[in-house]
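Everything on this sheet refers to the single structure shown next.
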Amino acid sequence: MSPTIQTLLIGLALLVLFIGFGRLVGGAAGIRKAITLFFPLWLVYCLWHMSVGISHGYSWMSELPFLALNFFVPASVGFLVVKKWGRQA
């Protein structure tokens with residue numbers, strides 16, 4: 001399995017954990033807070049993942065599209081969850 005697919009799956013699984021914990025703790029407001037916490041943590045992880053690729057000899061320009069994909073797919077899902085379920089508080 002490619003590292004990009006693995007990173008996307010990790011991001012989506014982590015997002016599900018954040019959503020579940022947020023809902024358990026605080027309902028819709030908890031979901032919103034949990035996803036708000038997820039965004040910067042996921043960005044830091046994706047930047048670290050990009051630095052690993054750069055340290056293995058890839059240029060930052062070749063890693064940039066993967067950073068965008070790896071960050072924005074789980075972040076977009078999180079944004080859609082907030083729009084659907086996070087406003088009910």
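The values are calculated or read from the model by the stated rules, or taken from the named source; none is laboratory data. What you are looking at is a predicted structure, and each value in this text was computed from that prediction instead of being measured. Here the Cβ positions follow ideal geometry from the backbone for every residue, glycine too, while neighbour counts run over all protein chains shown. Just the protein is used for accessible areas: all its heavy atoms, side chains included, with ligands, DNA and RNA removed. Shrake-Rupley method; radii C 1.70, N 1.55, O 1.52, S 1.80 Å.
Worth pointing out:
- Residue that is farthest from Phe21 (Cα to Cα) [pool: residues in region 42-89 that are open to solvent by 40 Å² or more (accessible area, probe 1.4 Å) and among the β-branched types (Val, Ile, Thr)]: Ile54
- Verdict on Ala13 being out of contact with any Pro (no Cβ under 8 Å at 6 or more places or on another chain) and at pLDDT below 95: no
- When residues of region 12-40 are limited to those that are open to solvent by 90 Å² or more (accessible area, probe 1.4 Å) and hydrophobic (A, V, I, L, M, F, W, C), the one nearest to Leu80 (Cα to Cα): Val16
- Meets criteria (modelled with pLDDT of 95 or more and within 17 Å of the chain's Cα centre (by Cα)) for Val73: yes
- Phe38 assigned to a helix (DSSP H, G or I) and in contact (Cβ under 8 Å) with a residue 12 or more places away in the chain: yes
- Residues of region 1-11 satisfying the condition of being open to solvent by 50 Å² or more (accessible area, probe 1.4 Å) and either part of a helix (DSSP H, G or I) or not polar (S, T, N, Q) (or both): Met1, Pro3, Ile5, Gln6, Leu9, Ile10
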